[in-house]
1. Would you confirm whether or not the range 25-42 contains a residue that is away from ligand 1 (no atom under 12 Å from the Cβ), under 18 Å from residue 178 (Cα atoms) and among the hydroxyl-bearing types (Ser, Thr, Tyr)?
2. Output the residues belonging to the range 23-47 that are within 13 Å of ligand 2 (Cβ to nearest atom) and either assigned to a loop (DSSP other than H, G, I, E, B) or in contact with a Pro (Cβ under 8 Å, 6 or more places away or on another chain) (or both).
3. Could you pull out the residue among 39, 34, 79, 92 that is of a type outside the set (A, V, I, L, M, F, W, C), closer than 19 Å to residue 159 by Cα and in contact with a strand residue (DSSP E or B) (Cβ under 6 Å, 6 or more places away or on another chain)?
4. For residue 20, only one of the following conditions fails: (1) part of a strand (DSSP E or B); (2) within 13 Å of ligand 2 (Cβ to nearest atom). What is its number?
5. Considering only residues of the range 67-90 that are hydrophobic (A, V, I, L, M, F, W, C) and at pLDDT below 90, which is farthest from ligand 1 (Cβ to nearest atom)?
6. So which of 254, 240, 216 ends up being within 28 Å of residue 171 (Cα to Cα), surrounded by 14 or more Cβ atoms within 10 Å (Cβ to Cβ) and not charged (D, E, K, R)?
7. Could you check how many residues of the range 242-256 are part of a helix (DSSP H, G or I) and farther than 18 Å from residue 184 by Cα?
8. Mind telling me which of the residues 147, 163 ends up being at pLDDT 90 or above and surrounded by 19 or more Cβ atoms within 10 Å (Cβ to Cβ)?
Amino acid sequence: MIRLKQFSCGYPNSPVLAQTDLTIAAGKITVVIGRNGSGKSTLAQVLAGLKLDFSGEVWLDELHLKRSTPMRELRQKVGLVLQNPDHQILFGRVQDEISFALQNLALPEITDLPKDKRARQSAIQAKRQEIVLEVLTQVGLADKINANPRELSGGQKQRLALASALALHPEYLILDEVASMLDLPSRRSVYRIIEKLKQQGIGVVMMTNLLDEILLADTVLILDNGKVTIVTPAEIIRNLDILTQHGLEAPLLLQVAKKINVESLRDLQDKL
Ligand SMILES: Nc1ncnc2c1ncn2[C@@H]1O[C@H](COP(=O)(O)OP(=O)(O)OP(=O)(O)O)[C@@H](O)[C@H]1O
Ligand SMILES: [Mg+2]
């Protein structure tokens, strides 16, 4: 569970959250919405341990977020993926993107490491390779293992970014507008991955301006003027005015969902 206690954060003249107590469930999908500038990205940075100038406390399970939190522990707890996949690419080969995450932040946990130095190195290398293949398979990119990431499509790049974030087997994944630059088929494939991650027990927190994405959620957080309102997708569908009350507008898909009385993306796809 992620816990915020008496949490306040923001910038001069823009409170993002003020004196907030909030919990975010492990193993569920939480979608965070709110008008432009309401603080979604700021919250994403906080939850990913990148923004520490807040007051109050933030706990990721038993991990207390503070300056002294070791990066390795942090990244094994929480991964972050951002909107623009181009900004997340550093290397010339898909597999190097992922091994980099593994090399830089933590050696994979391997039991029974051989004592001999060379054998040890090759055991570590083999484990890395195993994880690279595992996470690429998870996002449907195993056949691109030797490709140049710059030659992937936007949707494939975003799936690669997800794979890199998954390499350290985090328990939470924070996604800031991950689908907003993708076309519809790519979005759908990212949504399918997110649903699979939930089935594997990963807690996903998705910041988004694409309000249709609330249909993926177990819980929706609406940020508005320093406050957070917690609702379920069903409550929003039944009463689309909740969105209007927070300066948002129900997109057509949610209006259709209301009309035909469905409350999740899966049900909606089945019905349409
Ligand atoms: N580095 C910064 N310095 C000063 N103010 C900032 C900074 N980053 C964000 N802000 C302000 O903090 C508030 C929250 O911004 P944030 O980017 O978190 O909102 P958001 O909900 O992600 O918006 P969007 O929907 O446009 O992505 C805004 O008023 C913004 O102007
Ligand atoms: Mg943002």
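The values are calculated or read from the model by the stated rules, or taken from the named source; none is laboratory data. For clarity, every value in this text was computed on a predicted model and none was experimentally measured. Cβ sites come from the backbone with ideal geometry, for glycine too, and all protein chains shown count toward neighbours.
1. Pass one, the range 25-42, residues away from ligand 1 (no atom under 12 Å from the Cβ): 25-31.
From what is left, the residues that are under 18 Å from residue 178 (Cα atoms) are 28-31.
Checking which are among the hydroxyl-bearing types (Ser, Thr, Tyr) leaves us with 30.
Yes, because at least one residue in the range 25-42 is away from ligand 1 (no atom under 12 Å from the Cβ), under 18 Å from residue 178 (Cα atoms) and among the hydroxyl-bearing types (Ser, Thr, Tyr).
2. The answer is 34, 35, 36, 37, 38, 39.
3. Values: 39 fails: closer than 19 Å to residue 159 by Cα; 34 fails: closer than 19 Å to residue 159 by Cα; 92 fails: in contact with a strand residue (DSSP E or B) (Cβ under 6 Å, 6 or more places away or on another chain).
It is 79.
4. (2)
5. Our first condition is that a residue be hydrophobic (A, V, I, L, M, F, W, C); within the range 67-90, this holds for 71, 74, 78, 80-82, 89-90.
If we keep only those that are at pLDDT below 90 as well, we get 71, 89-90.
Details: 71: 21, 89: 21, 90: 23 Å.
Restricting to residues being hydrophobic (A, V, I, L, M, F, W, C) and at pLDDT below 90, the top hit is 90.
6. On the way: 254 fails: within 28 Å of residue 171 (Cα to Cα); 240 fails: within 28 Å of residue 171 (Cα to Cα).
On inspection, the qualifying residue turns out to be 216.
7. Quick first cut of the range 242-256, residues part of a helix (DSSP H, G or I) only: 242-245, 252-256.
Checking the rest, the ones that are also farther than 18 Å from residue 184 by Cα come to 242-245, 255.
Result for the range 242-256: 5.
8. Numbers: 147 fails: surrounded by 19 or more Cβ atoms within 10 Å (Cβ to Cβ).
After ruling out the rest, the residue left standing is 163.
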